[in-house]
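Since the structure comes first, as structure tokens, the remarks are kept for the end.
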Amino acid sequence: MHDAIAIRREGDRIHVALSDGGEVSAPAVILATGATYHRLGVPELEDLVGAGVFYGGPASEAPTTVDEDVYVVGGANSAGQAALHLAEYARRVTLAVRAESLEKGMSHYLVRQVEGVPNITVRLGTEVVGGGGGGDGWLERLVLRSGGDGATETVAADELFLMIGARPNTDWLPAELARGDDGFVRTGADVERDGSWPLERSPFSLETSMPGVFAAGDVRHGSMNRVASAVGEGSIAIRLVHELFAAEQPQPRDRV
Ligand SMILES: Cc1cc2nc3c(=O)[nH]c(=O)nc-3n(C[C@H](O)[C@H](O)[C@H](O)COP(=O)(O)OP(=O)(O)OC[C@H]3O[C@@H](n4cnc5c(N)ncnc54)[C@H](O)[C@@H]3O)c2cc1C
């Protein structure tokens, strides 16, 4: 049970330094160190995580929100994209933003799109400070507080998506292991595009800019932030490691 604290490639082996002073090495490594999510800190809503309250985007939940009143909390691009996606299904999507303007945290093009969708309501200067479930144990209501006068209001809500940020557990990685501005590890086509891929062969789809090092799950840039997708990417990464080993096997020479 040690933390990985450093990683480097030497020749055809990758060395991982551990917090107890030890080191392990292997011809391939899969990074699956996840992310640390910012929490809302409202106990009655934390109790409903998975029962109408979700951290991260509505990856698989969106189609289940037909005819529902859905809330998204957050003011960055991810929140805007989640609201747009949910609006294709839900009756009404409310985007609750703590800041006094959407432009503060969201790209201009996304602000225009969000404002153009009739079933999205944007509530600026608004925080979720409470809530609770119904008899079925599923989210039923939220308590919202508006910044201006600090007044609280209880509203009906069927689902709450919390897009309030996550920090990837990547502080220990070296600069040569390419990451996006948000710190999440880039893989596959992304590292070819950004010029960080050092070899002639193309990277495998989950391979990072350090050849032989793969990334799976929340730590990966573009991850779906769901248990099922993290598990799926983990198994794909294992498969890709086998493909890498097979490709690097010396080919038998033709007999003459
Ligand atoms: C409150 C909450 C509720 C959620 N609810 C749902 C839900 O209902 N459904 C759903 O599908 N998803 C949910 N998610 C998202 C889901 O938990 C993640 O998508 C999933 O756990 C990602 O798996 P992972 O293996 O990539 O990362 P993680 O599960 O975060 O695992 C990463 C592991 O790596 C360890 N680690 C980190 N750094 C190091 C290091 N340097 N050395 C060694 N070990 C390290 C961490 O301690 C951790 O054990 C929720 C997330 C949160 C925060």
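The values are calculated or read from the model by the stated rules, or taken from the named source; none is laboratory data. Please read all numbers here as calculations on a predicted model, not as lab measurements. In this analysis, Cβ positions are derived from the backbone assuming ideal geometry, glycine residues included, and neighbour counts consider all displayed protein chains. What goes into the accessible areas is simple: the full protein's heavy atoms, side chains included, and nothing from ligands, DNA or RNA. Shrake-Rupley method; radii C 1.70, N 1.55, O 1.52, S 1.80 Å.
Here Val42 meets each of (1) within 16 Å of the ligand (Cβ to nearest atom); (2) open to solvent by 70 Å² or more (accessible area, probe 1.4 Å) with one exception, condition (2). Being under 17 Å from Gly34 (Cβ atoms), within 14 Å of the chain's Cα centre (by Cα) and open to solvent by 60 Å² or more (accessible area, probe 1.4 Å) holds for only one residue in Asp182, Asp218, and it is Asp182. Scanning region 203-230 for residues being farther than 26 Å from Gly11 by Cα, touching a residue at least 12 places away in the same chain (Cβ under 8 Å), out of contact with any helix residue (DSSP H, G or I) (no Cβ under 8 Å at 6 or more places or on another chain) and part of a helix (DSSP H, G or I) gives a total of 1.
Looking at Val24, is it touching a strand residue (DSSP E or B) at 6+ places or on another chain (Cβ under 6 Å) and open to solvent by less than 30 Å² (accessible area, probe 1.4 Å)?
The answer is no for Val24.
Let me confirm something: among Glu61, Glu68, which residue is more than 16 Å from the ligand (Cβ to nearest atom) and open to solvent by 20 Å² or more (accessible area, probe 1.4 Å)? Exactly one of Glu61, Glu68 is more than 16 Å from the ligand (Cβ to nearest atom) and open to solvent by 20 Å² or more (accessible area, probe 1.4 Å), namely Glu68. Could you please find all residues in region 108-132 being loosely packed, with under 14 Cβ neighbours inside 10 Å and more than 19 Å from Glu88 (Cβ to Cβ)? Matches in region 108-132: His108 only. Within region 140-159, track down each residue that is open to solvent by less than 40 Å² (accessible area, probe 1.4 Å), touching a Gly at 6+ places or on another chain (Cβ under 8 Å) and away from the ligand (no atom under 12 Å from the Cβ). Selection gives Leu142, Val143, Ser146, Ala157. Each residue in region 155-202 was checked for being under 29 Å from Arg141 (Cα atoms) and part of a strand (DSSP E or B), and 8 pass.
Just one residue in the set Val231, Val213, Val227 is open to solvent by less than 70 Å² (accessible area, probe 1.4 Å), out of contact with any Phe, Trp or Tyr (no Cβ under 8 Å at 6 or more places or on another chain) and either farther than 30 Å from Glu61 by Cα or within 16 Å of the ligand (Cβ to nearest atom) (or both); that residue is Val213.
The condition (being closer than 30 Å to Asp3 by Cα, buried (at least 19 other Cβ atoms within 10 Å of the Cβ) and within 13 Å of the ligand (Cβ to nearest atom)) is satisfied by just one residue among Leu48, Leu18, Leu31: Leu31.
Of the residues making up region 187-202, those that are among the small types (Gly, Ala, Ser), surrounded by 15 or more Cβ atoms within 10 Å (Cβ to Cβ) and over 21 Å from His15 (Cβ atoms) number 1. Note on region 34-65: among residues that are at pLDDT below 95 and among the charged types (D, E, K, R), the one that is farthest from Val128 (Cα to Cα) is Glu61. Listed conditions (1) modelled with pLDDT under 95; (2) farther than 30 Å from Ala99 by Cα; (3) among the charged types (D, E, K, R) are all met by Arg226, apart from (2).
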